[in-house]
Amino acid sequence: MAIKSLDELRKIKAQAQKDTEARKNTGTQVIIGMGTCGIAAGAREVMKAVLDELAKRNLHDVAVLQTGCIGMCQKEPLLDIVRPGEDRVTYGPVSPKDVPRIIADHLVNGNVVEDLVVAKIPNKA
């Protein structure tokens with residue numbers, strides 16, 4: 001694709017900046033382990049369940065991110081919830097049927113689903 005005008009270049013730049021800002025969301029995040037170990041354990045299905053649940057609840061201000069392997073392969077699939085000002089909580093092993101509970105209890109209402117927690121990372125703020 002050849003850029004034919006300065007105006008076209010500005011539009012491309014503006015869209016790229018918008019896309020970059022969306023990825024920098026410092027608000028609520030759901031992070032799914034999508035390393036090969038996570039994918040083999042069912043992380044794609046968990047990701048789909050997360051996206052479906054967020055859409056069902058009309059939650060558009062949540063960043064859904066992917067990460068690679070973090071070394072807890074025996075606990076895959078892993079799903080992290082990050083809420084502003086709170087500890088990062090890692091859940092695992094997570095199945096698609098666990099997702100609605102995690103989204104409702106923790107993401108929406110702030111109540112950690114203790115029986116699925118594998119790690120808590122203290123908030124440094």
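Numerical summary
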{"read-out": "Region 12-29 residues that are more than 24 Å from residue 81 (Cβ to Cβ) and open to solvent by less than 100 Å² (accessible area, probe 1.4 Å), paired with ones that are among the aromatic types (Phe, Trp, Tyr) and modelled with pLDDT under 80 (beta carbon under 8 Å, 6 or more apart)", "value": "none"}
{"read-out": "Unmet criterion (only one of (1) at pLDDT below 85; (2) closer than 15 Å to residue 108 by Cα) for residue 18", "value": "(2)"}
{"read-out": "Qualifying residue in region 82-92 (condition: open to solvent by less than 40 Å² (accessible area, probe 1.4 Å), of a type in the set (D, E, K, R) and in contact (Cβ under 8 Å) with a residue 40 or more places away in the chain)", "value": "no"}
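The values are calculated or read from the model by the stated rules, or taken from the named source; none is laboratory data. Source: prediction; values computed, not measured. Note: ideal-geometry Cβ built from the backbone for every residue, glycine included; neighbour counts use all protein chains shown. For accessibility, only protein heavy atoms count, side chains too; no ligands or nucleic acids. Shrake-Rupley method; radii C 1.70, N 1.55, O 1.52, S 1.80 Å.
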